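Structure first, commentary second.
Values quoted throughout were computed directly from the atomic coordinates according to the rules given, and no laboratory measurement underlies them. Computed from a predicted structure; not experimentally measured. For neighbour counting, all protein chains shown are included, and Cβ atoms are generated from backbone atoms with ideal geometry for every residue, glycine included.
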Amino acid sequence: MAVFLLLNFVGMGARAEDGYWLWLRYDELPQEMRSQYRGQLRQIVLETEETPTVSVAARELSDGLSGLLGRNVPVSDEGARGAILLVTGEAASLYDLDLSDLGEDGYLLRTLTDGRRKLTVIAANEDDGLLYGVFHLLRLVQTGEDISDLNITSVPRIDIRVLNHWDNLDRTVERGYAGQSIWDWHKLPDYIDPRYTDYARANASIGINGTVLTNVNANATVLTPPYIEKVAAVADTMRPYGIQVYLTARFSAPIEIGGLETADPADPAVQAWWAGKADEIYRKIPDFGGFLVKADSEGQPGPHTYHRTHAEGANMLADAVAPHGGVVMWRAFVYSENNPVDRHMQAYDQFVPLDGKFRSNVIIQTKNGAIDFQPREPFHPLFGAMPETPLGMEFQITKEYLGFATHLAYLAPMWSEVLRADTFVKGEGSTVAKIIDGSLEGHEISAMAGVSNIGSDRNWTGSQFDQANWYAFGRLAWDPAAEPAEIAEDWVRMTFTGDDGAVGTILGMMMESREAVVNYMTPLGLGHLMGTGHHYGPAPWVSELGRPEWNPVYYHKADEDGIGFDRTKSGSNAVAQYSDAVAAEFADLEAVPEEYLLWFHHVSWDYEMPSGRTLWEELVHRYTEGVRTVSGWRGEWASLEGRIDEGRYRQVADFLRVQEKEARWWRDACLAYFMSLNGLDLPAGYAPPARTLDEYKAMVFPSAPGN
Ligand code: BDP
């Protein structure tokens, strides 16, 4: 029996486990998990019109349940006993279901009793809602939940839940660690890779309803007629799964592909060109989502060339897509090498004066923190500072700054930390989540974007555990208040195993992982210490790059006396961009949370920390803890050998070895560098760096990916 169970849990035999099936594996559940569904889930009955979306929903449910329950669960039109009913619109009144608060994407899951057997009802206003409800029901069965008395209502808090692919037309992926782009532009539109459908299924299963196919560092070619055909073919594949396609718009496209001499947003010919381009796109893709724009940032063209503002630039594009119901997601990630002001402050300085000047279909897409996706940043001061403008959240799923694909770092705790942060702009409870979901200021549109970690690697994301970040992004975009640990547990059970002991071990590792990475890379509020260009590994010593704010020394400001960026009044005063309550906390050396200490303060090496250690000792301690945590996981993972399929077990084991090695490298290189400045010894009991500082400095990585 035990052997039988084990085989079931690890899904051996059916197919090789290489991660391709993500969390949608649908392997047969062990008998004692399956038996609770007896009398329920017998067949699927459609009480709705059979549209393409309803068809994919019904097929997914049928395939999924047939696999999980080890018996055929057909779509049938007879015999409602023990059935799952997919219900929309009018039919809901037959079952006394109130759909009025569900909006377009929400759904109900209900159990109704029909004699001895139970009916399971999935009801929604729209087909997309049904599809989301189907995936929710599947998740409940995949994780062995009791569904005998369901009473679930689920409505997304955010309207636009979108992936941003930083994918180039030559299939390279900026900051991609999972192989080539999945978009095979060369073979499109004639060849539709079956992966596109699996991509759409996976996204729909977590509520993602949009995808920006191209890099923010944009190429205008994607807006030319042959590429619009290709995009339309992708959009056709995505549509049944409720996913809208978006593109990045290169601001200078009217010049590059339009034959105009200017891209000035005030020029009527430029406006007409964009309006015509939008019309052309919508003729081929009637549900096209709109444009994402990176302008006047890191060398990208933008309205500033013509002495126009971000608002003037964004509004021109917004006007072009508005007649078709499209939106513009205009990025707030801007800073300039000519501006001596603390980089932390520059986006706020540029955007806050424009509050109220954007069209109603513009969303200002803002990174979670003011610098750049570091392992830990305080929330961006723009959140709460533009009450008249919808602000969208931009998270980075791909782990550019958290160890690429080889490091285990579960990111939901990091995202959740920001979503739950209180801006205090309208008193206590003015969380970042309420700002982006629009509820604090009553905005009509809301968006959350995740920079994708997806590529053509067989396992999609370059590692098994990075799938969890894609998964968690979708779940948090649907519900920013969701618990990271609960999301992780669902993912582990669906992806790896239902064995409680193994689930506990894996979950424990995941929940520790982000903090471990912070510790071995950038503890106590440090940030931006990584290598130049490729961003691989530590390089806190770098000081000679042309733009001041590209140098790590700009961020840590370490010298013989101390370390940290003074962002209080005596320094850049970036704290003043936060509400008074938050500013007061961050500015006060005694009150600032320890994890942001060096983000806001320059502190002497002998400063006494709450732990009783000096700052230097604490830093050494944190770096060492980070490495120790990762070393511990190697043993924990080893305890799962034979309880996880061999293929995925091995890959994770190997990656953990890489992570341990690189965590040690981060610790040692950073400590060696800081010691060269402060002249201090390591506290007793802490191992010295394995190499000399010069050796760390001499390391080069010509094959580091993603650059
Ligand atoms: C930085 C990345 C760079 C992106 C930029 C952005 O290193 O590749 O182009 O963000 O978000 O973190 O535009």
Stokes-Einstein D for the stretch 160-495 (37 °C, 0.692 mPa s, Kirkwood Rh from Cα pairs), in µm²/s, comes to 164
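Taking N as the number of residues in the stretch 181-244, what value does Rg over Cα atoms divided by 2.2 N^0.38 Å take?
Numbers: Rg = 11.7 Å, N = 64, 2.2 N^0.38 = 10.7 Å.
For the stretch 181-244, the normalised Cα radius of gyration comes out at 1.09.
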Whole-Hz Karplus couplings 3J(HN,Hα) for the stretch 662-670, θ = phi - 60° and coefficients 6.51, -1.76, 1.60, Gly and Pro as x, run 6, 4, 5, 4, 4, 4, 5, 5, 5
The stretch 372-411: Kirkwood hydrodynamic radius (Cα pairs, Å) comes out at 12.1
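Would you mind counting up the charge near Thr629? Only other residues with Cβ under 15 Å from its Cβ, with Lys and Arg at +1 and Asp and Glu at -1.
Values: positive: Arg514, Arg622, Arg628, Arg634, Arg657, Lys661, Arg664, Arg667; negative: Glu512, Glu515, Glu625, Glu636, Glu660, Glu662.
Once all neighbours under 15 Å are counted, the net charge is +2.
So, with +1 on the Cβ of K and R and -1 on the Cβ of D and E, and no other charges, what is the size of the charge dipole of the chain about its Cα centre, to the nearest 20 debye?
1320
Can you quote the Å³ per residue value for the convex hull of the Cα atoms in the chain, rounded to an integer?
Values: hull volume 113.4 nm³, N = 707.
Spread over its residues, the Cα hull of the chain gives 160 Å³ apiece.
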For Lys284, counting only aspartates and glutamates whose alpha-carbon sits under 12 Å away and dropping same-chain residues fewer than eight positions off, the answer is Glu229, Asp236
Of the stretch 331-370, those with amide N under 20 Å from the point 7 Å along the Cα→Cβ vector of Lys569 are 342, 345
All alpha-carbon distances of the stretch 2-154, grouped into 10 Å bins from 0, give the whole-percent distribution 11, 41, 33, 12, 2
Straight-line reach check, Lys569, cutoff 16 Å on alpha carbons, 8 or more apart in-chain or any other chain, hits among aspartates and glutamates -> Asp342, Asp580, Glu585, Asp588, Glu590
Rh (Kirkwood, all Cα-Cα pairs) for the stretch 552-707, Å, reads 18.1
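What value does the stretch 80-146 have for Rg/Rh, both radii from Cα atoms and Rh as Kirkwood defines it?
Details: Rg = 11.7 Å, Rh = 12.1 Å.
Expressed as Rg/Rh, it is 0.97.
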Here the gain from full extension of Leu94 to Asp114, 0.36 nm per residue of separation minus their alpha-carbon distance, amounts to 5.8 nm
Two pseudo-spin positions, 7 Å from Cα along C-beta at Thr172 and at Glu261, lie apart in nanometres by 3.4
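Restricting the count to DSSP beta bridges whose residues both fall in the chain, what percent are antiparallel, rounded to a multiple of 5? Before the final figure, lay out the partial values.
On the way: 18 of 61 bridges.
Counting DSSP beta bridges with both partners in the chain, the antiparallel share is about 30 percent.
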Contact order relative to length for the chain, counting C-alpha pairs under 8 Å separated by 6 or more residues, stands in percent at 12
If unit charges are put on Cβ atoms (+1 for Lys and Arg, -1 for Asp and Glu) and the dipole of the stretch 160-495 is taken about its Cα centre, the option from Phe379, Ala405, Ala332 lying farthest towards the positive end turns out to be Ala405
Using alpha carbon centers only, the stretch 275-299 is separated from the stretch 121-173 by a whole-angstrom value of 26
In debye to the nearest 20, the charge dipole size for the stretch 160-495, taken about the Cα centre with +1 at each Lys and Arg Cβ and -1 at each Asp and Glu Cβ, equals 460
With only helices counted (DSSP H, runs n ≥ 4, each -39500 (n - 2.57)), the per-residue ellipticity at 222 nm for the chain, to the nearest 500, works out to -11500 deg cm²/dmol
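Taking 2.2 N^0.38 Å as the expected size of a compact globular protein, what ratio does the Cα radius of gyration of the stretch 228-312 give against it, to two decimals? Intermediate results must be reported in sequence, preceding the final value.
Details: Rg = 14.2 Å, N = 85, 2.2 N^0.38 = 11.9 Å.
Against the compact-globule rule of thumb, the ratio is 1.19.
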Per the rule of 0.36 nm per residue minus the C-alpha distance, extending Ile192 to Ser336 adds in nm 47.7 nm
With +1 on the Cβ of every Lys and Arg and -1 on the Cβ of every Asp and Glu, the dipole magnitude of the stretch 201-352 about its Cα centre, in debye rounded to the nearest 20, is 580
Of the listed pairs Lys118/Lys434; Lys357/Lys434; Lys557/Lys661; Lys230/Lys434; Lys294/Lys661, those with alpha carbons more than 29 Å apart are Lys118/Lys434; Lys230/Lys434; Lys294/Lys661
